[in-house]
Amino acid sequence: MKYLVSGRIANTVFLFTFVVGSAIALLLFNQGASAYRSQELNHAQQHLQQFVARYDVALQQTVERSSKLTQAIKDNNPLAATQFNQFIQLVYPKPQDVAEINWLKNAGNATAGLHFSTENGLSAFDTPVDEYIDPYLTLARKENKMVVSPILILQTTEGPKPVFVIVQPITGTDFLITTHRIASLTQALPSELNREHYAYVLSDYQQGHYAFPDDKMLPDAPGFNTQRSEIPSLNVPLNIDGQQWQLWVYPPSSNLLSIGWVHYVYLTLAIFGCLVVSFLLRSGLQHYRDLQQESLRQASEIERNSLALSNAQNTLHTSQATTELALSGKSQFMTTLSHQIRTPVNGIIGMTDLCLQTQLSLKQQDYLRKISASAQHLNAVLGDLSDYSQLESGELQLNEHPFSLHEVVDGLYAMLSKEAQDKGLAFNITVPHTVHCDLIGDSRRLSEIMLNLCTNAIAHTSSGHIHLVISADQDQPTSSINSEYKLSFMVSDTGAGIGQEDISKLFSRSEPLDQQKNINGGLGLSISQALCKLMGGEIAVCSQLGIGSCFTAQVNLKLNNLIVTVAEQPKMLSKPQRIMVIDDNPISLTMLEHALSIMGAQVSVYSFASDALDALFEGEQPDIILLDWVMPQMGGLAFLTRLQQSDNKITSRILILTAYDGKSIARMCQHFPIERILNKPCRNEELFHIINDEQIVPVVEEPKETLTGLVVLVAEDNMINQEIICELLLQEGAKVIPANDGQHCIDELKRAQHVDIILMDINMPVMDGLAALKIIRQELAMPDLPVIALTANIFEHDKQNYLQQGMNEHLGKPYNRDQIVESILRLTKNRNR
């Protein structure tokens, strides 16, 4: 290639390129011209075929319209003249579609009927039909079917006009005769086909030949050797009512367009382009050597970069393997850490619970309850750490199943109402009747999100209320099975509020908030945000210092349309009641007003006790007064004092609503006519019975089933935890056999005459729980002996692993008395005691 740089070779390449390029340009020009003319011929031929097809359609539609009009007369007989005119306008919307219409009535005896023409409209017809129609009328009467005439010559004032006639029998004596001009068929074609100026000859089944655009008859058939342009003519047979017609179509008289001058301009530019390309090629050859040297240099540099990239990839793979190993070690570390911490926590909670059942002073009981609360809080933190670890490792999976939203809300209220009441807070939950409560999703995780948000609100609110509102968009489709359903819930409080600079830190797992402001997001909010995103939503926060905060969350669930929940009918009071409600909390006031109104009461509400007092002094006499105890300006005690000191005699029943200790309020109100002190929030059913002055029948709890007569083998290596669970089982009436490890458990099982169930710790010295389980199932041949795994392991895959290896159930630490007793009773229900 280096010789191409010399001037002689470069000039030769220049000339060769120019000559060859010009020749190729001429060749392409000729091919393009031929293709252009072929394309024009094909286009014209296609238009010619379209003309024939549309002409055939117009001819067939003419026959079909006559049949439609005949059928309309037959279906609506007798038919008035005005209706006949309306049918004509419907069947023939354009004036050129038909020349004349004759409706002959009783044609066998006398000629009478109606006549229609495009010039004169509808008129009476009582003269014999024209002679040119009579043969086809006779044929139609004879064969009782439609008859289509050949092309006839109709003498008009404008001269002879070629037409054809369609005779349709309506009844045995009534006939419909439609006359159509042949020229009108062309006018019915689309305008784009008419603009082509086609000439054609239409031949009927009796060899009559009609020519267009001459609009006259020809004596003979046209010749096929005549060409009016470069496009060949077209000869097509047509079938009209079983008769063979013929159509000859000729293209327009104009010739095809010749090659335009612009194409020659393109040819000139192409040759000039070849000249330019030749010069550029010559210049390129002269710079080839410099480019070759640059290419060699770049190739060497690329080789060095490839080697460096390969080393970087190897380093990345090593780093990735190290990261995966670290994540695996982190999960294992969390499992081990959870087990190590939950074991002493279980001892603290268990021993505290046992100690509280002994004789203690009030101060000692208070200390122990605080120890138990702190241990429970530590256990909750361990649960948050487990969820955090699962989220980090991607092991957290949603367990979707059908559930009722009412059950979630009831459980949440049971868990938090006492905690809110202890702080003197009003805790309300609102679920509108428009929300679908039969859903499919992970109810445990949904409850966890609500619980974290409400717990956070209670922790940072010292006075006022906590309000949880559950809602759903009403525009969502609810008819399809398992369709998506977006559920929203909002938790508002009257706490100190959060500054805008701290809102972004609420869900951070690493950046702490300002503890001096008493603001703390904690792992609970971070995990709730992650769970919301896992369910297809997120949590938003709005807050204002000194007023309160509002957390809004949204999740995507599915409708469970296989369950139909019937709304409970509201209970009505036995007699009308006038009730005065006094409460400074607007949410509690609104909810009480709504609930009492549904019961049929006449309700008046007041946010200030002074306003209610003025209304009473002015003569309002309610049957019942619902009075909040703690209110600004004037509280419940001041209200009752003012009411007692006044001259007005008030006979209303007085009910106190409070979120504080009812015993202390009762001591303060010994001298006031108070009927009842109710804890906030008061259930609507309880409020209904009290207002209705009914006795609430207490629910008699069935005696709890105990473990009396059961023999339980407990394998636990931690002596404190072993003592706790053994004492718990003894208190429930069971006989307990303790074991310190898996081997000890096997030995005790062999010595015992009878064992109903085994509680087996997993991580034990000498022999762990899974190894002991394998011996029990295989060597000792006890496949039906129930074995419950006792472990502090927190991951779902660990629990599933224990069940797959033969455990009947899994119970986590710290121990829950009711849960252990319920599991033992369920697994030993069908075994002999």
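No value in this document is a laboratory result; all are computed from the given coordinates. Since the structure is predicted, the reported quantities are computational estimates derived from the model, not experimental observations. We place every Cβ from the backbone using ideal geometry, glycine too, and count neighbours over all the protein chains shown.
The label-point distance for Gln644 and Leu545, in a model that sets each label 7 Å from Cα toward Cβ, rounds to 4.4 nm. Check which residues have an amide H placed less than 5 Å from Gly208's amide H, if you skip close sequence neighbours. So Gly208 has HN proximity to Ile151. Checking every one of the chymotrypsin sites (Phe, Trp or Tyr not before Pro) in region 136-225 against DSSP loop status and a limit of 12 other Cβ atoms within 10 Å picks out Phe224. Restricting attention to region 572-681, close to 0% of DSSP beta bridges with both partner residues there are antiparallel.
Between amide H atoms placed 1.01 Å from N, distances below 5 Å from Asn561 occur with Asn482, all of them 5 or more places distant or on a separate chain. For the peptides 156-163, 737-744, 85-92, the ranking by mean Cβ contacts within 10 Å, running from highest to lowest, is 737-744, 85-92, 156-163.
For region 711-827, compute the number of Lys pairs whose alpha carbons are separated by less than 21 Å, excluding pairs fewer than 8 positions apart on the same chain. Working shown, then result.
Numbers: Lys735/Lys750; Lys750/Lys774; Lys774/Lys799; Lys799/Lys813.
Lysine pairs meeting both conditions in region 711-827 amount to 4.
Given in Å, the Rg to one decimal and the Dmax to the nearest whole number for the Cα atoms of region 47-250 are 17.7, 59. The fraction of Cα-Cα pairs per 10 angstrom bin, counted from 0 for region 578-691, comes to 14, 52, 32, 2 percent, rounded to whole percents.
Across the alpha-carbon atoms of region 711-827, the computed radius of gyration and Dmax are 12.8, 36 angstrom.
Given C-alpha coordinates of region 12-127, what is the ratio Rg to Rh with the Kirkwood estimate of Rh?
1.56
Taking 30 Å as the limit for the C-alpha separation, the pairs Lys575/Lys680; Lys571/Lys649; Lys505/Lys680; Lys74/Lys94; Lys418/Lys575; Lys68/Lys161 exceed it in the case of Lys571/Lys649; Lys505/Lys680; Lys418/Lys575. An ellipsoid equivalent to region 734-791, defined through the eigenvalues of its Cα gyration tensor, has semi-axes of 15, 13, 11 Å when rounded to whole angstrom and sorted largest first.
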